[in-house]
Amino acid sequence: MRISIPLAVVTLLSAMHSVSLAQADSNSDERIKRLLQKSPQADANKDGVLTLKEAQAFLKEQRARQPNRNQARAKVTHADIRYGEHLRHVIDLYLVESEQPTPLVIYIHGGGFVGGDKRGVSGGLIQAMHKAGISVAAIHYRFIRENRFPVPFTDSARAVQFLRHHAKKYNLDINRFAATGGSAGAGISLWLATRDDMADPKSDDPVSRQSTRISCASVGGAQVSYDPRFWRKAGLAKGLQHSSFSLMYGVPSDDPFEDPKLIAIAEACAPLEHLSKDDSPVYFQYGVPDELSEKTSLGAVVHHPRHGQLFKKKADGLGIECHVRYPGAAKPKLSSEEFLIKHLKPASIAKEE
(Lines give C-alpha, C1' and ligand atoms only; values in the text may rest on other atoms or scores of the structure.)
Protein backbone atom coordinates (compact mmCIF):
# COMPACT_ATOMS: atom_id res chain seq x y z
CA MET A 1 0.00 0.00 0.00
CA ARG A 2 1.50 3.31 -1.10
CA ILE A 3 0.94 6.24 1.25
CA SER A 4 1.85 9.81 0.34
CA ILE A 5 2.78 11.65 3.55
CA PRO A 6 5.88 13.74 2.82
CA LEU A 7 5.01 16.53 5.24
CA ALA A 8 4.52 14.05 8.07
CA VAL A 9 7.93 12.62 7.28
CA VAL A 10 9.51 16.08 7.47
CA THR A 11 7.94 17.06 10.77
CA LEU A 12 8.45 13.75 12.51
CA LEU A 13 12.08 13.48 11.48
CA SER A 14 12.65 17.07 12.60
CA ALA A 15 11.12 16.24 15.97
CA MET A 16 13.90 13.77 16.67
CA HIS A 17 16.29 16.69 17.05
CA SER A 18 14.45 17.89 20.13
CA VAL A 19 15.07 15.94 23.32
CA SER A 20 11.73 17.11 24.69
CA LEU A 21 9.91 15.39 21.79
CA ALA A 22 11.75 12.08 22.00
CA GLN A 23 8.92 10.48 24.01
CA ALA A 24 6.11 11.92 21.89
CA ASP A 25 3.24 9.63 20.91
CA SER A 26 -0.29 9.79 19.52
CA ASN A 27 -1.60 10.92 22.89
CA SER A 28 0.66 13.95 23.09
CA ASP A 29 1.43 14.95 19.50
CA GLU A 30 -1.30 15.86 17.02
CA ARG A 31 0.78 14.87 13.99
CA ILE A 32 1.39 11.36 15.30
CA LYS A 33 -2.28 11.09 16.23
CA ARG A 34 -3.32 11.89 12.67
CA LEU A 35 -0.83 9.40 11.29
CA LEU A 36 -2.35 6.71 13.52
CA GLN A 37 -5.83 7.65 12.31
CA LYS A 38 -4.74 7.54 8.70
CA SER A 39 -2.58 4.43 9.00
CA PRO A 40 -3.55 2.30 12.04
CA GLN A 41 -1.17 -0.41 10.82
CA ALA A 42 1.69 1.86 11.93
CA ASP A 43 0.95 0.81 15.53
CA ALA A 44 3.34 -2.14 15.49
CA ASN A 45 2.45 -3.61 18.90
CA LYS A 46 -1.29 -2.93 18.46
CA ASP A 47 -1.63 -1.28 21.86
CA GLY A 48 -3.63 1.63 20.51
CA VAL A 49 -0.83 4.16 21.04
CA LEU A 50 1.55 5.15 18.25
CA THR A 51 4.98 6.10 19.56
CA LEU A 52 7.39 8.34 17.69
CA LYS A 53 9.69 5.32 17.23
CA GLU A 54 6.87 3.30 15.68
CA ALA A 55 5.93 6.23 13.45
CA GLN A 56 9.54 6.62 12.29
CA ALA A 57 9.81 2.93 11.48
CA PHE A 58 6.51 2.92 9.59
CA LEU A 59 7.36 5.99 7.52
CA LYS A 60 10.78 4.59 6.70
CA GLU A 61 9.17 1.36 5.50
CA GLN A 62 6.66 3.26 3.37
CA ARG A 63 9.40 5.30 1.77
CA ALA A 64 11.38 2.14 0.98
CA ARG A 65 8.33 0.73 -0.81
CA GLN A 66 8.31 3.61 -3.27
CA PRO A 67 10.93 2.56 -5.84
CA ASN A 68 10.39 5.54 -8.14
CA ARG A 69 11.01 7.94 -5.26
CA ASN A 70 14.18 6.20 -4.08
CA GLN A 71 15.42 5.72 -7.61
CA ALA A 72 14.96 9.42 -8.35
CA ARG A 73 16.88 10.43 -5.25
CA ALA A 74 19.73 8.04 -6.07
CA LYS A 75 20.51 9.69 -9.39
CA VAL A 76 22.83 12.43 -8.23
CA THR A 77 24.40 14.09 -11.26
CA HIS A 78 27.11 15.84 -9.23
CA ALA A 79 27.63 15.09 -5.53
CA ASP A 80 29.30 17.22 -2.85
CA ILE A 81 30.19 20.18 -5.01
CA ARG A 82 32.07 22.57 -2.76
CA TYR A 83 30.75 26.12 -2.51
CA GLY A 84 32.91 27.17 0.46
CA GLU A 85 35.70 26.12 2.79
CA HIS A 86 33.72 24.37 5.54
CA LEU A 87 33.00 20.64 5.34
CA ARG A 88 29.29 21.41 5.18
CA HIS A 89 29.66 23.82 2.30
CA VAL A 90 28.56 21.23 -0.25
CA ILE A 91 25.81 20.82 -2.85
CA ASP A 92 24.27 17.85 -4.64
CA LEU A 93 22.87 18.45 -8.11
CA TYR A 94 20.11 16.43 -9.75
CA LEU A 95 20.21 17.80 -13.29
CA VAL A 96 17.60 17.19 -15.95
CA GLU A 97 18.77 16.74 -19.52
CA SER A 98 17.89 19.72 -21.68
CA GLU A 99 19.18 21.62 -24.68
CA GLN A 100 18.13 24.85 -23.00
CA PRO A 101 19.22 26.15 -19.57
CA THR A 102 16.88 24.70 -16.95
CA PRO A 103 15.11 26.27 -13.97
CA LEU A 104 16.37 25.12 -10.57
CA VAL A 105 14.69 24.22 -7.27
CA ILE A 106 17.06 24.40 -4.31
CA TYR A 107 16.21 22.08 -1.41
CA ILE A 108 17.28 23.32 2.05
CA HIS A 109 16.93 20.69 4.77
CA GLY A 110 15.36 21.15 8.20
CA GLY A 111 16.52 19.94 11.59
CA GLY A 112 16.30 22.86 14.00
CA PHE A 113 19.55 24.34 12.62
CA VAL A 114 21.38 21.62 14.59
CA GLY A 115 20.93 18.62 12.29
CA GLY A 116 19.58 17.44 8.98
CA ASP A 117 21.02 16.34 5.67
CA LYS A 118 20.72 17.30 2.01
CA ARG A 119 20.01 13.63 1.25
CA GLY A 120 16.60 14.19 2.81
CA VAL A 121 15.42 15.76 -0.43
CA SER A 122 12.25 14.04 -1.58
CA GLY A 123 12.68 11.71 -4.52
CA GLY A 124 9.08 12.55 -5.36
CA LEU A 125 10.04 16.22 -5.68
CA ILE A 126 12.99 15.39 -7.92
CA GLN A 127 10.84 13.18 -10.10
CA ALA A 128 8.10 15.83 -10.46
CA MET A 129 10.58 18.59 -11.23
CA HIS A 130 12.50 16.50 -13.75
CA LYS A 131 9.25 15.64 -15.51
CA ALA A 132 8.64 19.39 -15.86
CA GLY A 133 12.18 20.03 -17.11
CA ILE A 134 13.41 21.54 -13.83
CA SER A 135 16.69 20.61 -12.14
CA VAL A 136 17.10 20.21 -8.37
CA ALA A 137 19.92 21.09 -5.98
CA ALA A 138 20.22 20.05 -2.32
CA ILE A 139 22.55 21.95 0.00
CA HIS A 140 24.20 21.70 3.39
CA TYR A 141 24.89 24.64 5.70
CA ARG A 142 26.70 25.06 9.01
CA PHE A 143 24.90 24.28 12.28
CA ILE A 144 24.32 26.67 15.18
CA ARG A 145 26.02 24.54 17.84
CA GLU A 146 29.30 25.93 16.52
CA ASN A 147 28.08 28.89 14.47
CA ARG A 148 25.19 31.03 15.68
CA PHE A 149 22.77 33.05 13.60
CA PRO A 150 22.90 34.24 10.87
CA VAL A 151 25.36 31.61 9.57
CA PRO A 152 22.80 29.05 8.25
CA PHE A 153 21.13 31.86 6.30
CA THR A 154 24.25 33.42 4.85
CA ASP A 155 25.65 29.99 3.95
CA SER A 156 22.49 29.24 1.98
CA ALA A 157 22.63 32.60 0.23
CA ARG A 158 26.22 31.85 -0.73
CA ALA A 159 25.11 28.50 -2.20
CA VAL A 160 22.56 30.33 -4.36
CA GLN A 161 25.25 32.72 -5.57
CA PHE A 162 27.64 29.84 -6.28
CA LEU A 163 25.04 28.04 -8.38
CA ARG A 164 24.34 31.22 -10.35
CA HIS A 165 28.04 31.79 -10.93
CA HIS A 166 28.38 28.28 -12.34
CA ALA A 167 25.05 28.27 -14.16
CA LYS A 168 26.61 27.87 -17.59
CA LYS A 169 28.63 24.88 -16.44
CA TYR A 170 25.52 23.13 -15.11
CA ASN A 171 23.10 24.41 -17.77
CA LEU A 172 20.97 26.44 -15.34
CA ASP A 173 18.74 29.44 -16.01
CA ILE A 174 19.89 32.10 -13.54
CA ASN A 175 16.55 33.90 -13.78
CA ARG A 176 14.49 30.92 -12.61
CA PHE A 177 15.68 29.75 -9.19
CA ALA A 178 13.33 28.66 -6.39
CA ALA A 179 13.82 27.36 -2.85
CA THR A 180 12.02 24.70 -0.84
CA GLY A 181 12.43 22.97 2.50
CA GLY A 182 10.83 22.09 5.80
CA SER A 183 11.07 23.68 9.25
CA ALA A 184 14.50 25.34 9.50
CA GLY A 185 14.97 24.88 5.75
CA ALA A 186 11.58 26.49 5.24
CA GLY A 187 12.63 29.52 7.27
CA ILE A 188 15.79 29.91 5.21
CA SER A 189 13.83 29.51 1.96
CA LEU A 190 11.42 32.26 3.07
CA TRP A 191 14.35 34.46 4.01
CA LEU A 192 15.78 34.09 0.51
CA ALA A 193 12.37 34.95 -0.94
CA THR A 194 12.03 38.13 1.11
CA ARG A 195 15.55 39.42 1.75
CA ASP A 196 16.82 42.26 -0.41
CA ASP A 197 19.43 41.15 -2.91
CA MET A 198 22.74 40.55 -1.14
CA ALA A 199 24.84 40.72 -4.29
CA ASP A 200 27.91 42.92 -4.01
CA PRO A 201 28.59 44.22 -7.55
CA LYS A 202 31.88 45.80 -6.44
CA SER A 203 33.31 42.65 -4.88
CA ASP A 204 36.56 41.13 -6.12
CA ASP A 205 34.91 37.75 -5.61
CA PRO A 206 32.84 36.83 -8.69
CA VAL A 207 30.51 34.62 -6.63
CA SER A 208 29.66 37.50 -4.29
CA ARG A 209 28.63 39.58 -7.30
CA GLN A 210 25.80 37.15 -8.06
CA SER A 211 22.19 37.74 -7.02
CA THR A 212 20.64 35.92 -4.05
CA ARG A 213 17.04 36.49 -5.18
CA ILE A 214 14.68 33.63 -6.05
CA SER A 215 11.47 33.38 -8.10
CA CYS A 216 9.34 31.68 -5.44
CA ALA A 217 9.46 29.51 -2.32
CA SER A 218 7.44 26.43 -1.34
CA VAL A 219 7.84 25.53 2.32
CA GLY A 220 6.62 23.06 4.94
CA GLY A 221 6.17 23.70 8.66
CA ALA A 222 7.74 27.13 8.27
CA GLN A 223 8.57 29.69 10.92
CA VAL A 224 8.36 33.27 9.68
CA SER A 225 10.51 34.72 12.46
CA TYR A 226 13.04 33.51 15.03
CA ASP A 227 12.67 36.58 17.19
CA PRO A 228 11.47 35.54 20.69
CA ARG A 229 9.46 38.75 20.92
CA PHE A 230 7.47 37.71 17.84
CA TRP A 231 6.70 34.28 19.29
CA ARG A 232 5.36 35.77 22.50
CA LYS A 233 3.26 38.37 20.71
CA ALA A 234 1.85 35.75 18.32
CA GLY A 235 0.71 33.52 21.19
CA LEU A 236 3.36 30.93 20.36
CA ALA A 237 5.56 31.41 23.43
CA LYS A 238 5.58 27.68 24.16
CA GLY A 239 7.70 27.24 21.05
CA LEU A 240 10.57 29.01 22.79
CA GLN A 241 11.03 25.85 24.84
CA HIS A 242 12.51 24.21 21.76
CA SER A 243 16.15 23.36 22.44
CA SER A 244 17.37 25.25 19.37
CA PHE A 245 16.31 28.66 20.68
CA SER A 246 19.01 28.75 23.36
CA LEU A 247 21.59 28.07 20.63
CA MET A 248 20.41 30.64 18.12
CA TYR A 249 21.64 33.64 20.10
CA GLY A 250 23.62 32.06 22.93
CA VAL A 251 21.11 33.08 25.61
CA PRO A 252 18.49 31.06 27.56
CA SER A 253 15.12 30.76 25.83
CA ASP A 254 13.45 32.66 28.69
CA ASP A 255 15.83 35.62 28.32
CA PRO A 256 13.87 38.91 28.07
CA PHE A 257 15.74 39.50 24.81
CA GLU A 258 16.61 43.16 25.16
CA ASP A 259 20.20 43.19 23.91
CA PRO A 260 20.26 45.49 20.83
CA LYS A 261 22.88 43.31 19.13
CA LEU A 262 20.73 40.18 19.48
CA ILE A 263 17.64 42.05 18.42
CA ALA A 264 19.44 43.21 15.27
CA ILE A 265 20.41 39.62 14.44
CA ALA A 266 16.88 38.34 15.10
CA GLU A 267 15.34 40.98 12.86
CA ALA A 268 17.90 40.30 10.15
CA CYS A 269 16.94 36.59 10.17
CA ALA A 270 13.16 37.11 10.19
CA PRO A 271 11.51 36.68 6.76
CA LEU A 272 8.39 38.50 7.98
CA GLU A 273 10.48 41.59 8.78
CA HIS A 274 11.83 41.74 5.23
CA LEU A 275 8.58 41.15 3.35
CA SER A 276 7.94 43.93 0.81
CA LYS A 277 5.80 44.41 -2.29
CA ASP A 278 8.54 43.31 -4.71
CA ASP A 279 9.00 39.90 -3.09
CA SER A 280 8.40 36.44 -4.51
CA PRO A 281 5.23 34.29 -4.28
CA VAL A 282 5.16 31.78 -1.40
CA TYR A 283 3.35 28.49 -0.74
CA PHE A 284 3.04 27.25 2.87
CA GLN A 285 2.13 23.73 3.99
CA TYR A 286 1.52 22.70 7.60
CA GLY A 287 0.79 19.30 9.08
CA VAL A 288 -1.09 20.59 12.12
CA PRO A 289 -4.50 22.30 12.31
CA ASP A 290 -5.16 25.86 13.38
CA GLU A 291 -5.61 24.98 17.06
CA LEU A 292 -3.80 26.23 20.14
CA SER A 293 -4.29 25.26 23.77
CA GLU A 294 -2.23 24.28 26.79
CA LYS A 295 -2.32 20.72 25.47
CA THR A 296 -0.90 21.63 22.07
CA SER A 297 2.44 19.83 21.71
CA LEU A 298 5.71 21.70 21.43
CA GLY A 299 6.25 20.35 17.92
CA ALA A 300 2.82 21.56 16.83
CA VAL A 301 3.50 25.05 18.19
CA VAL A 302 6.88 25.24 16.47
CA HIS A 303 5.30 24.21 13.16
CA HIS A 304 1.97 25.98 13.64
CA PRO A 305 0.01 27.46 10.70
CA ARG A 306 -0.29 30.75 12.57
CA HIS A 307 3.16 31.52 11.17
CA GLY A 308 1.90 31.22 7.63
CA GLN A 309 -1.34 33.04 8.41
CA LEU A 310 0.51 36.07 9.78
CA PHE A 311 2.80 36.06 6.76
CA LYS A 312 -0.17 35.81 4.38
CA LYS A 313 -1.96 38.69 6.09
CA LYS A 314 0.98 40.95 5.38
CA ALA A 315 1.56 39.48 1.91
CA ASP A 316 -2.07 40.01 0.92
CA GLY A 317 -1.78 43.65 1.91
CA LEU A 318 1.25 43.99 -0.35
CA GLY A 319 -0.35 42.17 -3.27
CA ILE A 320 2.00 39.17 -3.06
CA GLU A 321 0.67 35.73 -4.02
CA CYS A 322 0.62 33.57 -0.88
CA HIS A 323 -1.05 30.22 -0.16
CA VAL A 324 -1.34 28.61 3.28
CA ARG A 325 -2.42 24.97 3.45
CA TYR A 326 -3.12 23.05 6.66
CA PRO A 327 -5.62 20.44 7.95
CA GLY A 328 -9.08 21.96 8.06
CA ALA A 329 -8.31 24.84 5.69
CA ALA A 330 -9.60 25.19 2.15
CA LYS A 331 -7.11 23.57 -0.20
CA PRO A 332 -5.32 25.84 -2.67
CA LYS A 333 -6.01 25.14 -6.32
CA LEU A 334 -2.36 24.22 -6.81
CA SER A 335 -0.25 21.61 -5.07
CA SER A 336 3.16 22.70 -3.82
CA GLU A 337 4.84 21.09 -6.83
CA GLU A 338 2.40 22.68 -9.27
CA PHE A 339 3.11 26.02 -7.60
CA LEU A 340 6.84 25.64 -8.23
CA ILE A 341 6.28 24.65 -11.84
CA LYS A 342 3.87 27.54 -12.40
CA HIS A 343 6.44 30.11 -11.32
CA LEU A 344 9.52 28.45 -12.80
CA LYS A 345 7.96 27.47 -16.12
CA PRO A 346 5.17 29.90 -17.03
CA ALA A 347 2.96 28.66 -19.86
CA SER A 348 4.54 31.03 -22.39
CA ILE A 349 8.06 29.82 -21.60
CA ALA A 350 7.03 26.15 -21.49
CA LYS A 351 5.42 26.55 -24.93
CA GLU A 352 8.56 28.10 -26.37
CA GLU A 353 10.72 25.30 -25.01
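To keep it simple, each residue is scored yes or no on (1) free of Cβ contacts under 8 Å to residues at least 40 places away in the same chain; (2) of a type in the set (Val, Ile, Thr); (3) on the phi > 0 side of the Ramachandran plot.
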residue: Val251; (1), (2), (3): yes, yes, no
residue: Asp254; (1), (2), (3): yes, no, no
residue: Ala315; (1), (2), (3): no, no, no
residue: Leu334; (1), (2), (3): no, no, no
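Report the residue count in region 108-145 for those that are part of a loop (DSSP other than H, G, I, E, B) and either touching a residue at least 24 places away in the same chain (Cβ under 8 Å) or farther than 22 Å from Val302 by Cβ (or both). Residues flagged as part of a loop (DSSP other than H, G, I, E, B) and either touching a residue at least 24 places away in the same chain (Cβ under 8 Å) or farther than 22 Å from Val302 by Cβ (or both) within region 108-145 amount to 19. Considering only residues in region 88-102 that are over 21 Å from the mean Cα position of the chain (by Cα) and part of a loop (DSSP other than H, G, I, E, B), the one that is surrounded by the most Cβ atoms within 10 Å (Cβ to Cβ) turns out to be Val96.
The set of residues in region 102-143 being more than 19 Å from Lys75 (Cβ to Cβ) and of a type in the set (Val, Ile, Thr) consists of Ile108, Val114. In this structure, is Ala329 surrounded by 14 or more Cβ atoms within 10 Å (Cβ to Cβ), hydrophobic (A, V, I, L, M, F, W, C) and at pLDDT below 95? Taking the combined requirement at face value, the residue satisfies it. Every test in (1) of a type in the set (Gly, Ala, Ser); (2) more than 17 Å from Ser156 (Cβ to Cβ); (3) surrounded by 20 or more Cβ atoms within 10 Å (Cβ to Cβ) is passed by Gly220 save one, and that test is (2). Taking the conditions exactly as written (among the hydrophobic types (A, V, I, L, M, F, W, C), modelled with pLDDT of 80 or more and in a loop (DSSP other than H, G, I, E, B)), does Val105 satisfy them or not? Considered against the rule, which asks whether it is among the hydrophobic types (A, V, I, L, M, F, W, C), modelled with pLDDT of 80 or more and in a loop (DSSP other than H, G, I, E, B), Val105 comes out as no. Restricted to region 231-324, the set of helices (runs of 4 or more DSSP H) holding at least 1 residues that are over 29 Å from Ile214 (Cβ atoms) and among the small types (Gly, Ala, Ser) comprises 245-248.
The residue of region 34-61 that is modelled with the lowest pLDDT, among those that are surrounded by fewer than 17 Cβ atoms within 10 Å (Cβ to Cβ), outside any loop (DSSP other than H, G, I, E, B) and over 22 Å from the mean Cα position of the chain (by Cα), is Gln37.
Please indicate, with yes or no, whether at least one residue in region 237-247 is surrounded by 20 or more Cβ atoms within 10 Å (Cβ to Cβ), farther than 17 Å from Gly112 by Cα and touching a residue at least 40 places away in the same chain (Cβ under 8 Å). No. Within region 291-341, the set of residues being under 21 Å from the mean Cα position of the chain (by Cα) and among the aliphatic types (A, V, I, L, M) comprises Leu298, Ala300, Val301, Val302, Leu310, Ala315, Ile320, Val324, Ala329, Leu334, Leu340, Ile341.
The values are calculated or read from the model by the stated rules, or taken from the named source; none is laboratory data. Everything quoted here is computed from the prediction, not taken from an experiment. Glycine also receives a Cβ, built like all others from the backbone with ideal geometry; neighbour counts cover every protein chain displayed.
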